[in-house]
Amino acid sequence: MSLVHCAAALSAQTLAVVDVGANVGDSVILLERHLPGRCKFLCIEPNPEWLPYLKANTAGIPVEIIPCFIGEGQLLAVNSSAPGTAGSKITETGDRSRPLDEICEGRQIDLLKVDTDGFDFPILRSGSRTLSSRKPALFFEWDPLLWKEQGEDPEGVFEWLSTLGYKDCCFFADGGFIYCRTTLGQAEPFRSLVAAAECRRGIDKPYWDVFVASSEACDRAIQQNVAAAQALTSKVPLWTRLQSTYWQEDQNKISRG
């Protein structure tokens, strides 16, 4: 739900959302349900096994689908992991990735969402011209340990975004709740979060969803997240509130239970 709160915090009346790693369309459906008619989507998904589900699930919603890898020109293949999730891996015989700048050329883009299991930074870098010139809001998965496994510097993305002119960001824990907010011009908060991930390695392997946007949009996203959590607190039993599926629970079923 943090994605919904961040999208709702943006000021544009009609949001052009670029969804890199669209999977089977779950983010599209979630946004359309909570912000009906407000978003139009460009979904980018290279996994051929998921494309039929993506098309079926988003039928009737203003969606354009591009089946390709996004990156810096590497040869990539689908890197399947746990059921329902997959990332990218560099291979000698894969498909040539296309830069995000090429995809976004001539298109409106208000919100860029990236969820590619550790390959997020190369995708962002491939859109440096778009990000520096148009400053769309960003929502991406930040898993420091997984990024390190991919040979990426998890702290480096924030310094890089700062050079493009971005200033404010907030972190949502993997359960969907606000975790912290900071500015991109200081290294210590990001170093501390990497240390927290290292500390919990082998226990629960935390990751964060990062929202990078204007100061005002970050404020509104946090306010909406807090208000939504408080509204659910009285309806959801304490034990359920401690579970990662808090947002997904059927409230009517819970109230009857």
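The values are calculated or read from the model by the stated rules, or taken from the named source; none is laboratory data. Computed from a predicted model, the values in this text were never measured in an experiment. For neighbour counting, all protein chains shown are included, and Cβ atoms are generated from backbone atoms with ideal geometry for every residue, glycine included. The accessibility values were calculated without ligands, DNA or RNA, using every heavy atom of the protein model including side chains. Shrake-Rupley method; radii C 1.70, N 1.55, O 1.52, S 1.80 Å.
Within region 28-74, if we keep just the residues that are without any contact (Cβ under 8 Å) to a residue 12 or more places away in the chain and within 15 Å of residue 7 (Cβ to Cβ), the residue that is nearest to the chain's Cα centre (by Cα) turns out to be 33.
Against the condition open to solvent by 10 Å² or more (accessible area, probe 1.4 Å) and more than 13 Å from residue 164 (Cβ to Cβ), how does residue 135 come out, does it pass? Considered against the rule, which asks whether it is open to solvent by 10 Å² or more (accessible area, probe 1.4 Å) and more than 13 Å from residue 164 (Cβ to Cβ), residue 135 comes out as no. If you scan region 219-237, which residues turn out to be open to solvent by 70 Å² or more (accessible area, probe 1.4 Å) and either at pLDDT below 80 or out of contact with any helix residue (DSSP H, G or I) (no Cβ under 8 Å at 6 or more places or on another chain) (or both)? Passing the criteria: 223, 230, 234, 235. Of the residues in region 32-40, at least one is in a helix (DSSP H, G or I) and open to solvent by 50 Å² or more (accessible area, probe 1.4 Å). Taking region 91-131 as the range and being in contact with a Phe, Trp or Tyr (Cβ under 9 Å, 6 or more places away or on another chain), free of Cβ contacts under 8 Å to residues at least 40 places away in the same chain and of a type outside the set (Asp, Glu) as the test, the residues that pass are 94, 96, 97, 98, 118, 121, 124, 128, 131. Checking each residue in region 168-197 for being in contact (Cβ under 8 Å) with a residue 24 or more places away in the chain, part of a helix (DSSP H, G or I) and among the small types (Gly, Ala, Ser) picks out only 197.
Being at pLDDT 95 or above, within 18 Å of the chain's Cα centre (by Cα) and closer than 30 Å to residue 12 by Cα holds for only one residue in 163, 116, 130, and it is 130. Go through region 198-218 and give me each residue that's assigned to a helix (DSSP H, G or I) and either at pLDDT below 90 or more than 18 Å from the chain's Cα centre (by Cα) (or both). Within region 198-218, 198, 199, 215, 216 meet the criteria. Only one of the numbered conditions (1) in a loop (DSSP other than H, G, I, E, B); (2) more than 15 Å from residue 4 (Cα to Cα); (3) open to solvent by less than 60 Å² (accessible area, probe 1.4 Å); (4) at pLDDT below 95 is violated by residue 240, and that is (1). For region 127-152, the set of residues classified as closer than 20 Å to residue 99 by Cβ, in a loop (DSSP other than H, G, I, E, B) and not polar (S, T, N, Q) consists of 127, 135, 136, 151, 152, listed by residue number.
Going by what's in this entry, would residue 11 be described as in contact with a Ser or Thr (Cβ under 9 Å, 6 or more places away or on another chain) and either open to solvent by less than 30 Å² (accessible area, probe 1.4 Å) or not in a strand (DSSP E or B) (or both)? It is true that residue 11 is in contact with a Ser or Thr (Cβ under 9 Å, 6 or more places away or on another chain) and either open to solvent by less than 30 Å² (accessible area, probe 1.4 Å) or not in a strand (DSSP E or B) (or both).
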